[in-house]
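The values are calculated or read from the model by the stated rules, or taken from the named source; none is laboratory data. Since the model is a prediction, treat every value here as computed from it, not as a measurement. No Cβ is skipped: glycine too gets one built from the backbone with ideal geometry, and neighbour counts run over all protein chains shown. Areas reflect the complete protein model, heavy atoms only, side chains present, ligands, DNA and RNA absent. Shrake-Rupley method; radii C 1.70, N 1.55, O 1.52, S 1.80 Å.
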Amino acid sequence: MIEQALEEALAQCHLNRSEFSELLVRLLDYGVICRDESVIETTLYDRFQRCKQLVREWLAPLGLRLQHDSRFQYIRVYPPGAEVPGLPDQEEPHHGGFRARLGQQEVAAILSLRVEYDKALREGQVDESGCVALSLEALELGMRNLLKMSLPDKHAERKNLLKKLRQLRLVQFSSEEAETSAEVWLRVRPTIAHFVSESVLRQLVESEAPEVACPDGREGGESEQEKSSARITPDNEDHSLF
């Protein structure tokens, strides 16, 4: 019965089951699809446009929710219990099973990207795609001023950090620059504005040691960076949502 209903719904979207499966697998594995990232993601995003209601209906029983930004053309899937901009919080209990935690340097880089993006936004230094140009040197300076942390010293670790930021579709950069250790310029995506909430941003700006509440309401026993890591819980290279 379910298979028949799916076939009928896909027929209305002019898609077959293989195309629908490819879209869902990519979305659940990466957690985000940006239309301007690659030819593959352009195809998948356009496919999502044809069946977005069907995708939502299939993810809803799992407690997963979608954020679709039609202006900047990206979609992101959120695990159960996560805060989704523009949507009410879920009241059902959750235990973080879908979440993959980030390291302290990754969290610090993401928080600093958010602050630098907001600063550039206020100054009008945003291109037509909503992106902001930021040098790696400026990112490190921001991390030091904001959280008293810095980027990894080793080139390989720094490259892996940038790779994770790109996999989360928060930045774009030239792979050639990253490989040759030349001055790297990042293109910070507008996705960062929804990835780190306004409430977290306000705490970062107002305090040198921001207190970020854990999603499950626990207090104490964790460093501020660990709390931030619990708050920002996207997938990473080693852990998909599943």
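Numbers at a glance
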| quantity | calculated |
| --- | --- |
| Cα gyration tensor, the stretch 1-45 - rounded (a/c under 1.5), prolate or oblate | prolate |
| Given charges at beta-carbon only (K, R positive; D, E negative), |dipole| of the stretch 1-73 in Debye | 220 |
| Solvent accessible area, Å² - HIS155, 1.4 Å probe, full protein context | 80 |
| Tensor-based shape of the stretch 1-82 (alpha-carbon gyration tensor, a/c under 1.5 rounded, otherwise prolate or oblate) | oblate |
| Accessible area (Å², 1.4 Å probe, nearest 10) - ASP153 | 140 |
| Accessible-area order (highest first, 1.4 angstrom probe) of the listed residues VAL200, VAL126 | VAL126, VAL200 |
| Rounded if a/c under 1.5, otherwise prolate or oblate - the stretch 109-173, Cα gyration tensor axes | oblate |
